[in-house]
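J.: I have a structure I would like to understand better, so I am pasting it below and will then ask my questions one at a time.
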Amino acid sequence: MKFKKGNRWRGSKGELRYKTWRRNVFQLNKGRYGLGRDYVCVKCNKKRKTTRVLHAHHIYSWNKYPKLRYEKKNGVVMCIKCHNGFHRKYKFDALDKPNLLVEYLNDNQLVKNFIKEN
């Protein structure tokens, strides 16, 4: 993943924390859904051995919830198609309402439980 000038990072510390968060989200996904072998989209169950076509999506928005920004349970793995579909469907409403992700993922229990905890 390349980081361009002008991204939300203010120096290499933020970039490193984000990369670590992303790696942790993918490892958590691999252990839960992929049985230690594959990364799996939580929406369509597409399995991949690499993370190239998969995105780590924040349950609670990056901007609105800075305290949860780097919490590894605050992330889910979605393929590019599902991730873009989510943002096309809910647009900016998803920033304030993490329950929309639960609706989009057809009542995913792990996401629902994380929202109840916070």
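J.: Over 19 Å between Cα atoms: which of K43/K112; K43/K67; K19/K72; K19/K67; K30/K97 fall into that group? Please list the in-between numbers first.
T.: Working: K43/K112 14 Å; K43/K67 26 Å; K19/K72 11 Å; K19/K67 17 Å; K30/K97 26 Å.
Exceeds cut-off: K43/K67; K30/K97.
J.: On to the next question. If you average the sequence gap of Cα pairs under 8 Å that are 6 or more apart and divide by the length of the chain, what percent do you get for the contact order? Intermediate values should be presented prior to the final figure.
T.: Numbers: 126 pairs, mean separation 25.3, N = 118.
In percent, rounded to a whole number, it is 21.
J.: Between E117 and K97, 0.36 nm times their residue separation minus their Cα-Cα distance comes to what? Don't skip to the answer; put the middle values down first.
T.: Working: separation 20, 0.36 × 20 = 7.20 nm, distance 1.49 nm.
So the extension gain works out to 5.7 nm.
J.: I'd like the chymotrypsin sites (Phe, Trp or Tyr not before Pro) in region 80-118 restricted to DSSP loop residues with at most 13 other Cβ atoms within 10 Å, sorted by number.
T.: Details: sites: F86, Y90, F92, Y104, F114; in loops: F92.
Loop-located and lightly packed - F92.
J.: Further question on the same structure: Could you pull out the trypsin sites (Lys or Arg not before Pro) across region 19-118 that fall in loop regions by DSSP (anything but H, G, I, E, B) with no more than 14 other Cβ atoms inside 10 Å?
T.: Details: sites: K19, R22, R23, K30, R32, R37, K43, K46, K47, R48, K49, R52, K64, K67, R69, K72, K73, K81, R88, K89, K91, K112, K116; in loops: R37, K43, K46, K49, R52, K64, R69, K91.
Here the sparse-neighbourhood loop sites are R37, K49, R52, K64, K91.
J.: Please report the equivalent ellipsoid semi-axes of the chain, computed as sqrt(5 x eigenvalue) of the Cα gyration tensor, largest first, in whole Å.
T.: Rounded to whole Å, the semi-axes are 20, 18, 14.
J.: What is the extension gain from K89 to Q27, computed as 0.36 nm multiplied by their sequence separation minus the C-alpha to C-alpha distance, in nm to one decimal?
T.: On the way: separation 62, 0.36 × 62 = 22.32 nm, distance 2.75 nm.
Stretched out fully, the K89 to Q27 stretch lengthens by 19.6 nm.
J.: I'd like the projected area of region 58-118, averaged over all directions, using the convex hull of its alpha carbons. Report it in nm² with one decimal. Please list the in-between numbers first.
T.: Details: hull surface 15.5 nm².
Reported value for the Cα convex hull: 3.9 nm².
J.: Moving on to the next point. Given the -39500 (n - 2.57) contribution per DSSP H run of 4+ residues, what per-residue ellipticity at 222 nm results for the chain, rounded to the nearest 500 deg cm²/dmol?
T.: Helix contribution divided over all residues of the chain: -13000 deg cm²/dmol.
Bear in mind that the values in this text are calculations on the coordinates, not laboratory data. Computed from a predicted model, the values in this text were never measured in an experiment. With ideal geometry, Cβ positions are generated from the backbone for all residues, glycine too; neighbour counts draw on all protein chains shown.
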